[in-house]
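Taking it in order: structure first as structure tokens, then the write-up.
The values are calculated or read from the model by the stated rules, or taken from the named source; none is laboratory data. Small disclaimer: the values here were computed from a predicted structure and weren't measured. Neighbour counts run over all protein chains shown; Cβ positions are idealised from the backbone, glycine included.
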Amino acid sequence: MGFKQVQKIPEPQEIIAQMPVTATIKAIKEQRDKEIRDIFTGKDDRFVLIIGPCSADNEDAVIDYISKLALIQDKVKNQILMIPRIYTNKPRTTGQGYKGMLHQPNPSKATDMAQGIVAIRKIHLRAISESGLTSADEMLYPENHVYLDDLLSYVAVGARSVEDQQHRLVASGIEIPVGMKNPTSGDLSIMLNSIQAAQSKHSFIYRGWEVQTEGNPLAHAILRGAVDKFGKNIANYHYEDLSMLIHAYEGRNLANLSIVIDTNHSNSDKQFGQQPRIAQEVIRNCHYDSLLKKAIKGLMVESYIEDGSQEIGNNMYGKSITDPCLGWAKTERMIYEIAEAI
């Protein structure tokens, strides 16, 4: 057999027993989940900002960043609801490079996934405790969702995972919004198939059990741009792209017409500084067309304390070691500009 068993990963109940949810945190999550659900079902017309580092690489820096978000959240609470990105799993196009806190709790040290599973619960728990904001994570490994199920308020399924059957089935049993990104090819039918699957009932095997799900009506689209056959980035946040997607969405009779725009990745041509401009274009289009205003629920933004990115080992506090991010000064200005423009 070509697999070497390195160590046993602790079961979810073991980790949860070590770091349980308090009554206060449970109440915060219930309230936040209701507010976010109301936005995605159209009962609340506020804008969602799923915002934060490309990857959670340093616990203290991420918590510092989220604390800054929390201070602003109260000032823009009538226009914006912010969901911090704490992405602890990082998909890699070639399988090489830093794969996130789950793999390496310390990016400068070797892989230790038993410690990583502890570290990711700890950082999400600490974020709620210190900021009052529940967060988002990417579901790279569907079987690991149970370690964070009682802490998360948003889940994203990435462009390379959206066509995977297990991701779709597990999303159908999650009770918070799950954003399905369009694949890197830009094929919207794949994303729509994924949303339709996630909104449907299923029976399947999950963590050694036969399980049944009722479907997740909060599953929705995330547009992140595409890459053509020559490797050129193609944006898909423009008015024509949004109108086309809305009509395709409605043609399938999917629940809760909802779209989130990723302002980075291929939409920005990987130019992180373009994110504020893209956000303003999306908002202008919402004002122009009432159907877009109804459908566009918010934005996904890659942002950290410092502009840009760095190599592992440079250890500049609050600077991404994966994709480049918008620094805090520009992020703060961007949030206030979005609140004003809405």
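Looking at (1) at positive phi; (2) of a type outside the set (Phe, Trp, Tyr); (3) free of Cβ contacts under 8 Å to residues at least 12 places away in the same chain, which is the one condition that is false for residue 100?
Looking at each condition in turn, residue 100 falls short on (3).
Sort out for me the strands (runs of 3 or more DSSP E) sitting completely within region 196-249 that have 2 or more residues that are surrounded by 13 or more Cβ atoms within 10 Å (Cβ to Cβ) and within 20 Å of the chain's Cα centre (by Cα).
Filter on region 196-249 gives 219-223.
Among the listed residues 259, 283, identify the single one that is closer than 21 Å to residue 154 by Cα and either surrounded by fewer than 23 Cβ atoms within 10 Å (Cβ to Cβ) or at pLDDT below 95 (or both).
259
Determine which single condition residue 106 fails, assuming it passes every other condition in (1) surrounded by fewer than 16 Cβ atoms within 10 Å (Cβ to Cβ); (2) under 22 Å from residue 10 (Cβ atoms); (3) modelled with pLDDT of 95 or more.
Failed condition: (3).
Restricting to region 243-254, what's the tally of residues that are over 18 Å from residue 190 (Cβ atoms) and at pLDDT 95 or above?
Adding up the residues that qualify gives 1.
On the given criteria, is residue 201 at pLDDT 95 or above, within 30 Å of residue 270 (Cα to Cα) and not hydrophobic (A, V, I, L, M, F, W, C)?
no
Given (1) closer than 20 Å to residue 36 by Cα; (2) assigned to a strand (DSSP E or B), where does residue 150 come up short, assuming only one miss?
(2)
I'd like the full set of residues that are assigned to a loop (DSSP other than H, G, I, E, B) and hydrophobic (A, V, I, L, M, F, W, C), limited to region 289-320.
305, 312, 316
Take residue 172 and decide whether it is closer than 21 Å to residue 136 by Cα and touching a residue at least 40 places away in the same chain (Cβ under 8 Å).
In short, yes.
Check whether at least one residue in region 272-287 is small (Gly, Ala, Ser) and over 22 Å from residue 69 (Cα atoms), and report yes or no.
no
Within region 30-40, is there a residue that is among the acidic types (Asp, Glu), within 20 Å of residue 331 (Cβ to Cβ) and exposed (fewer than 13 other Cβ atoms within 10 Å of the Cβ)?
no
Residues in region 92-122 that are closer than 28 Å to residue 48 by Cα and in contact with a Ser or Thr (Cβ under 7 Å, 6 or more places away or on another chain): how many?
So the count comes out to 4.
Please enumerate the residues belonging to region 208-267 that are of a type in the set (Phe, Trp, Tyr) and touching a residue at least 40 places away in the same chain (Cβ under 8 Å).
Those that are of a type in the set (Phe, Trp, Tyr) and touching a residue at least 40 places away in the same chain (Cβ under 8 Å): 237, 239, 249.
Specify which of the listed residues (37, 46, 85) is in contact with a strand residue (DSSP E or B) (Cβ under 7 Å, 6 or more places away or on another chain), more than 23 Å from residue 115 (Cα to Cα) and of a type in the set (Lys, Arg).
Answer to the check: 46.
Can you tell me which residue is surrounded by the most Cβ atoms within 10 Å (Cβ to Cβ) among those in region 322-342 that are of a type in the set (Val, Ile, Thr) and in a helix (DSSP H, G or I)?
Restricting to residues being of a type in the set (Val, Ile, Thr) and in a helix (DSSP H, G or I), the top hit is 331.
Could you tell me whether residue 288 is hydroxyl-bearing (Ser, Thr, Tyr), modelled with pLDDT of 95 or more and farther than 22 Å from residue 136 by Cα?
Spelling it out, residue 288 is indeed hydroxyl-bearing (Ser, Thr, Tyr), modelled with pLDDT of 95 or more and farther than 22 Å from residue 136 by Cα.
What helices (runs of 4 or more DSSP H) lie completely within region 1-78 and have 2 or more residues being more than 22 Å from the chain's Cα centre (by Cα) and within 26 Å of residue 104 (Cβ to Cβ)?
Result: 12-18.
Residues 106, 89: which one is in contact with an Asp or Glu (Cβ under 6 Å, 6 or more places away or on another chain) and not basic (Lys, Arg)?
After applying the criteria, what remains is 89.
Only one of these is part of a helix (DSSP H, G or I), surrounded by fewer than 21 Cβ atoms within 10 Å (Cβ to Cβ) and among the basic types (Lys, Arg): 92, 126, 168. Name it.
Selected residue: 126, the only one of 92, 126, 168 that is part of a helix (DSSP H, G or I), surrounded by fewer than 21 Cβ atoms within 10 Å (Cβ to Cβ) and among the basic types (Lys, Arg).
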